[in-house]
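Working notes, structure below.
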Amino acid sequence: MLRAGAYAGLVNMIHSTHAFERRPHVVFLNPGESAERGTGQHWQLVSSFMGMAAMTFNMQLEVLYAERDHLLMQRQAEEVARRSFPPDYVIIVNEKMAAQQMLKVLAHSPSKILVIHNDLTSEQRQYVGNEREKISNWIGTLTANAELGGFRLMKFLYQRFGRREVNVIGITGDPNTPVSLERAAGVATFLNQTANGRICQLVFSDWSRADSHQKARVLLARYPEANVMWAANDTMALGALDAVKLNNAHVLVGGMGALKEALESVIHGGLAGIVAGDYFVGAWAMVLLYDYHWGKDFAKHGGPRLKLDYLGIIERTNARRFADVVFRRIEAFDVRPYSKHLNQREGSYDFNLKHLLKTTTRSL
Amino acid sequence: MRVRAKFSLRSLNLHTKLMLSLVVLVAAVAGTSASMLVEHERNSRLLALGDRATRIADLFSQSLVLPLWNVDLRAIENQLAALAPNPEVAEFTVTAAGYGTVATVKGSRHLNDGESVVRVRAIEYDPPGNAPKEKIGEIRVVLTKAVAQEAINRARQAIFAIMAALLAVLYAASFLLLKRMVRSPVNRLEKMVDKIAGGDLDARCEVKSDDELGRLAARINYMADQLRTSTLLLQESERKYRSIVENAVEGIFLLDQAGNLAEANPAMAQLLGYDNACDLTVSAESDGRPKSPFSLSLTATLFKTLNADGEIRGLELQLSRLDGTPIWVQLNARGLMGSEGSLRYLEGLLTDVTARKHALEDLQLQRDRLELEVSERKWTELELLASRERLQQLHAHQEAIREEERKCIAMEIHDELGQLLTALKMDLSLLSMQLPTGSAVIQKAEEMRELIEQTIRIVRNVVSHLRPTALNYGLASALEWLAADFSRHTKIPCRFQSTHPEPNLPDPPATAIFRIVQESLTNVARHAKASQVDVTLANTDAGIEVIIRDNGQGFNVVSARAGYSYGLHGMAERARLIRAQLEVHSKPDRGTLIRLRLLETFEKPQSH
């Protein structure tokens with residue numbers, strides 16, 4: 001939280017330093033909590049890396065937390081749309097399927113809209129259309145390839161288990177959030193390709209550690225034969241790990257999202273592995289908006305709907321290094337190499353973490 | 001105590017008793033009904049509680065499948081919490097298979113032992129496809145009976161309160177109704193009966209209803225009417241019978257066992273020579289002197305008779321009048337029983353029969369005289385009968401003599417005169433043969449011969465009438481001749497029929513029968529105007545029977561006998577002489593039948 005405050009102060013400082021310049025104004029309607037209350041630091045980290053990117057690109061970032069309340073998020077979108085001086089860009093998340101309504105609200109705003117993290121479902125798109133169609137100021141969508149993340153996580157856990165028979169318990173997020181389904185679909189895709197892999201059960205959770213813990217305990221009792229468990233975020237993975245420890249079960253646990261505690265758990269041999277990179281989505285969005293603002297439309301590099309593969313496995317061997325990059329030396333986080341405005345590079349955007357790790361390693 | 005309670009219960013009036021009975025009855029019914037209602041309420045509420053528990057458990061077992069499958073504890077708790085505010089809920093517990101309790105919700109009530117209804121249902125997940133159901137946990141629903149018990153208690157209180165209120169209202173209404181419908185009419189009836197008992201026969205009770213009391217009042221009114229009528233009739237009857245008693249010719253009295261007259265009518269006093277009846281009873285009761293006409297011994301005898309026979313009927317006594325004159329009286333009496341059932345009084349009717357007694361004595365004298373005369377008359381009658389018998393014998397004898405004389409005359413005429421006439425006829429014939437033919441003398445001779453012939457016929461007729469010759473050849477021949485003679489003289493066909501062997505009768509009865517038949521045919525010729533006559537002679541074992549039947553105009557037998565029909569009397573007399581039974585049957589226009597039945601068998605004397 002202190003760190004978030006520091007970033008906010010940094011943003012303000014940049015704003016005051018370049019007050020005379022025309023800086024693009026970006027509003028991020030963050031669906032998460034402004035302070036950690038059990039659902040993890042994911043959205044706070046997203047804002048932090050966005051702030052770093054904004055500072056890097058000399059952009060004005062305004063973050064509005066919805067505190068996991070999609071109705072509040074809706075009201076925040078309405079408020080932004082009614083502003084006399086609307087921002088140049090509004091970044092929204094399709095958390096709990098709220099993006100459809102927000103797009104409608106913001107459609108009459110001069111602000112450009114970018115949807116990140118959770119894409120609109122096909123049903124939603126039937127109503128609102130696609131980017132730059134009915135809602136012309138909806139300029140693009142940026143999501144991670146969550147299915148690929150799930151696929152990679154399960155592949156990692158399977159390999160880690162020695163390619164023996166795996167009985168998998170999955171704990172994904174709420175069913176209304178597409179990314180939770182996509183992650184589960186990736187897991188299922190891998191297990192379907194594997195002869196000795198079986199899903200015992202997939203349950204939906206509210207992304208919280210406590211709920212995941214409770215579910216994991218019950219599911220472990222229900223499926224004594226289970227030997228692999230995954231969760232759709234690292235908070236839930238930690239909850240599941242607690243349950244495994246409590247039951248003294250020999251179950252490998254993997255998660256998605258690399259929060260600090262999860263990384264430490266990986267380092268200390270708790271979680272077997274985690275899929276990292278989700279909380280950089282905000283920073284990648286700032287890269288796209290920077291390029292767009294300065295004439296490099298990202299649509300020309302993969303279209304307005306970008307589903308990018310930037311998620312990677314963090315395991316015990318690389319966890320410590322990743323933690324250092326993300327949590328200890330965030331100021332060294334440099335997104336400039338990913339900008340096509342700053343780097344004349346053709347082709348689609350490549351937000352692979354290895355560039356980041358290389359960059360940060362160099363800066364170190 | 002029991003005696004006092006019985007006494008106090010008996011001393012209660014009808015209204016109070018009815019109210020008491022009603023209260024007891026209604027209290028019993030209401031109490032029983034209330035208890036049954038409470039019990040029913042209790043059972044139904046507990047059943048409903050059990051049903052609710054079952055429904056909740058079933059509902060949860062269905063609704064918790066997906067939350068439990070997904071281990072969605074919040075949803076499970078939300079579902080449990082949704083029903084938790086129900087005051088009946090004691091506890092909802094969801095357990096996961098192999099894990100234990102995953103969610104539990106407790107109600108606000110403290111649960112005591114035995115006050116709960118528990119339902120446990122399995123929560124089974126039905127996986128897609130053909131996989132069997134998988135039990136993933138259980139829902140345990142515990143509902144407390146306390147709420148139902150409180151409701152039952154409230155219901156009990158309400159029911160008892162309602163019953164008490166109903167009882168009170170019913171009591172008040174019944175009290176007023178009974179007071180109006182029973183007590184008031186009964187009071188009116190009591191007053192009316194008291195008035196009637198007090199002699200007010202005009203008192204009537206107002207009939208205000210058609211119920212039993214109303215009908216009772218109407219009947220009491222009717223009874224009062226009848227009582228009034230009866231009293232008037234009784235008074236009238238008393239007046240009438242008192243008048244009868246007072247004006248009766250016979251003495252009517254009431255005699256006790258001491259010989260004293262308790263009651264007596266004026267006729268009694270007059271009969272016994274007293275001025276009035278009071279003197280007779282007062283003197284007997286107060287003076288103590290033996291003035292009673294009934295002596296002690298007579299009284300004792302009379303009561304003894306009464307005790308033995310129950311009544312005294314027509315007993316004639318000789319009593320003494322006040323002046324000592326003896327009188328004869330006839331006593332009819334019966335006993336009057338006292339309340340203790342013993343004979344107390346003799347109720348008697350005394351008739352003065354002194355005059356009758358004297359008359360009877362005179363009558364007895366007259367009767368004795370009459371009896372003497374009757375005996376004399378009887379003797380005279382016997383003499384008369386004997387004389388008559390002799391007369392009849394004389395008549396029979398005379399008849400026999402007359403018949404004998406007829407017979408003799410007839411024989412004399414037949415034998416002597418006939419022969420002479422026959423000789424004269426023969427002589428005339430011889431003389432005529434000697435006379436010249438065609439002379440006047442011949443003519444004269446012829447005329448003489450005809451005269452002789454005529455004389456001979458006359459002689460024959462005379463002889464036949466005196467005694468038919470045919471009778472000498474038997475009854476049948478005589479009757480056959482008689483029939484033929486009748487037919488010849490009267491031109492009326494007379495048919496004779498003898499169906500049996502000819503009877504062998506002596507001459508007197510044969511002659512008598514012949515004469516009776518002859519008289520009958522004479523009557524037919526004279527009076528009957530018949531066209532056919534049948535004479536039948538029958539000789540059977542039962543006797544000889546002769547029937548003369550004609551189809552003439554008939555006659556009244558009774559009037560003929562009452563008149564001077566000497567022919568019928570003669571026939572009867574002849575029949576009596578031969579001890580025969582003569583029947584004459586005739587009616588006007590129906591012909592006549594005369595039947596002569598000879599019962600006695602006569603043996604004809606053998607002719608020598």
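Could you run through region A:105-162 and say how many residues are β-branched (Val, Ile, Thr) and part of a helix (DSSP H, G or I)?
Going through region A:105-162 one residue at a time, the tally reaches 2.
Each row is one residue, and each column tells you yes or no for (1) touching a residue at least 40 places away in the same chain (Cβ under 8 Å); (2) under 12 Å from B:ILE513 (Cβ atoms); (3) surrounded by 18 or more Cβ atoms within 10 Å (Cβ to Cβ).
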site	(1), (2), (3)
B:GLU545	yes, yes, yes
B:GLY552	yes, no, yes
B:VAL557	no, no, no
B:ALA560	no, no, no
B:GLY563	no, no, no
B:HIS569	no, no, no
B:GLU573	yes, no, no
B:ARG576	yes, no, no
B:ALA580	yes, yes, yes
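Quick one: would you say A:SER212 is of a type outside the set (Val, Ile, Thr) and surrounded by fewer than 24 Cβ atoms within 10 Å (Cβ to Cβ)?
The answer is no for A:SER212.
Collect the residues in region A:191-245 that are without any contact (Cβ under 8 Å) to a residue 60 or more places away in the chain, at the interface with chain B (Cβ under 10 Å from one of its Cβ atoms) and among the hydrophobic types (A, V, I, L, M, F, W, C), keeping them in residue-number order.
A:LEU202, A:VAL203, A:PHE204, A:ALA216, A:VAL218, A:LEU219, A:LEU220, A:ALA221
Does B:LEU47 satisfy being in a helix (DSSP H, G or I), within 14 Å of chain A (Cβ to nearest Cβ) and surrounded by fewer than 18 Cβ atoms within 10 Å (Cβ to Cβ)?
No: the conditions fail for B:LEU47.
Restricting the search to region B:316-368, which residues are at positive phi and either modelled with pLDDT of 85 or more or over 45 Å from the mean Cα position of the chain (by Cα) (or both)?
B:GLY324 - this is the single residue of region B:316-368 that is at positive phi and either modelled with pLDDT of 85 or more or over 45 Å from the mean Cα position of the chain (by Cα) (or both).
If I ask for residues that are of a type in the set (S, T, N, Q) and surrounded by fewer than 19 Cβ atoms within 10 Å (Cβ to Cβ), which ones from region B:68-89 would you list?
B:ASN78, B:ASN86 - these are the residues of region B:68-89 that are of a type in the set (S, T, N, Q) and surrounded by fewer than 19 Cβ atoms within 10 Å (Cβ to Cβ).
For B:GLY129, indicate whether it is more than 12 Å from every other protein chain (Cβ to nearest Cβ), small (Gly, Ala, Ser), surrounded by 17 or more Cβ atoms within 10 Å (Cβ to Cβ) and free of Cβ contacts under 8 Å to residues at least 40 places away in the same chain.
Spelling it out, it is not the case that B:GLY129 is more than 12 Å from every other protein chain (Cβ to nearest Cβ), small (Gly, Ala, Ser), surrounded by 17 or more Cβ atoms within 10 Å (Cβ to Cβ) and free of Cβ contacts under 8 Å to residues at least 40 places away in the same chain.
Checking B:GLU124 against (1) touching a helix residue (DSSP H, G or I) at 6+ places or on another chain (Cβ under 9 Å); (2) of a type outside the set (Lys, Arg); (3) closer than 22 Å to A:ASP206 by Cα; (4) within 14 Å of chain A (Cβ to nearest Cβ), only one condition comes out false. Which one?
The number of the failed condition is (3).
Condition first: in a helix (DSSP H, G or I) and under 26 Å from B:LYS407 (Cα atoms). Can you find one or more residues in region B:577-597 that meet it?
yes
What are the residue pairs meeting all of these: first residue in region B:53-71, first residue within 13 Å of chain A (Cβ to nearest Cβ), second residue buried (at least 22 other Cβ atoms within 10 Å of the Cβ) and assigned to a loop (DSSP other than H, G, I, E, B), Cβ atoms under 7 Å, and 6 or more apart or on different chains?
The qualifying pairs do not exist here.
Could you list, in sequence order, all residues of region B:583-598 that are of a type in the set (A, V, I, L, M, F, W, C) and at pLDDT 90 or above?
B:VAL584, B:LEU593, B:ILE594, B:LEU596
Only one of B:GLY335, B:GLY348, B:GLY314, B:GLY341 is in a strand (DSSP E or B) and exposed (fewer than 12 other Cβ atoms within 10 Å of the Cβ). Can you tell me which?
Within the list B:GLY335, B:GLY348, B:GLY314, B:GLY341, the selection yields B:GLY314.
Have a look at A:ARG75, A:ARG83 and point out the one that is at pLDDT 90 or above, more than 17 Å from A:ASN118 (Cβ to Cβ) and outside any helix (DSSP H, G or I).
The unique qualifying residue is A:ARG83.
B:ARG140 is checked against (1) surrounded by 16 or more Cβ atoms within 10 Å (Cβ to Cβ); (2) more than 30 Å from B:ALA57 (Cβ to Cβ) and fails just one. What number does that condition carry?
The number of the failed condition is (2).
Please go through region B:106-116 and give me each residue that is surrounded by fewer than 20 Cβ atoms within 10 Å (Cβ to Cβ) and either modelled with pLDDT of 90 or more or assigned to a loop (DSSP other than H, G, I, E, B) (or both), ordered by number.
Correct list: B:SER108, B:ARG109, B:HIS110, B:LEU111, B:ASN112, B:ASP113, B:GLY114, B:GLU115.
Just a yes or no: is a residue in region B:148-170 outside any helix (DSSP H, G or I), touching a residue at least 24 places away in the same chain (Cβ under 8 Å) and either touching a helix residue (DSSP H, G or I) at 6+ places or on another chain (Cβ under 8 Å) or in the same structural domain as B:ALA48 (by the TED database) (or both)?
Within region B:148-170, none of the residues are outside any helix (DSSP H, G or I), touching a residue at least 24 places away in the same chain (Cβ under 8 Å) and either touching a helix residue (DSSP H, G or I) at 6+ places or on another chain (Cβ under 8 Å) or in the same structural domain as B:ALA48 (by the TED database) (or both).
For region B:77-87, give me each residue that is among the aliphatic types (A, V, I, L, M) and either free of Cβ contacts under 8 Å to residues at least 24 places away in the same chain or facing another protein chain (nearest Cβ under 10 Å) (or both).
Hits for region B:77-87 are B:ALA82, B:ALA84.
Only residues that are of a type in the set (Lys, Arg), out of contact with any Ser or Thr (no Cβ under 7 Å at 6 or more places or on another chain) and surrounded by 21 or more Cβ atoms within 10 Å (Cβ to Cβ): list them for region A:151-199, please.
Residue satisfying the conditions is A:ARG152 alone.
On the given criteria, is B:LYS357 touching a residue at least 24 places away in the same chain (Cβ under 8 Å) and not aliphatic (A, V, I, L, M)?
Spelling it out, B:LYS357 is indeed touching a residue at least 24 places away in the same chain (Cβ under 8 Å) and not aliphatic (A, V, I, L, M).
Looking at A:HIS18, A:HIS42 in this structure, which one is modelled with pLDDT under 90 and within 17 Å of A:TRP284 (Cβ to Cβ)?
When all the criteria are applied, what remains is A:HIS42.
Please determine whether any residue of region A:328-339 is buried (at least 23 other Cβ atoms within 10 Å of the Cβ) and in contact with a helix residue (DSSP H, G or I) (Cβ under 7 Å, 6 or more places away or on another chain).
Yes.
Inspect all residues belonging to region B:443-460 and state whether any of them is modelled with pLDDT under 80, outside any loop (DSSP other than H, G, I, E, B) and hydrophobic (A, V, I, L, M, F, W, C).
Checked region B:443-460: no residue is modelled with pLDDT under 80, outside any loop (DSSP other than H, G, I, E, B) and hydrophobic (A, V, I, L, M, F, W, C).
Please enumerate the residues belonging to region B:88-121 that are in contact with a Ser or Thr (Cβ under 9 Å, 6 or more places away or on another chain) and within 12 Å of chain A (Cβ to nearest Cβ).
Scanning region B:88-121 gives B:VAL94, B:THR95, B:THR101, B:VAL102, B:ALA103.
Of the numbered conditions (1) touching a strand residue (DSSP E or B) at 6+ places or on another chain (Cβ under 8 Å); (2) not in a strand (DSSP E or B), A:ARG22 fails exactly one; give the number of that condition.
Every condition holds for A:ARG22 apart from (1).
The values are calculated or read from the model by the stated rules, or taken from the named source; none is laboratory data. Predicted, not measured: the structure shown is a model, and the values here were computed from it. All Cβ positions, glycine included, derive from the backbone under ideal geometry; neighbour counts span all protein chains shown.
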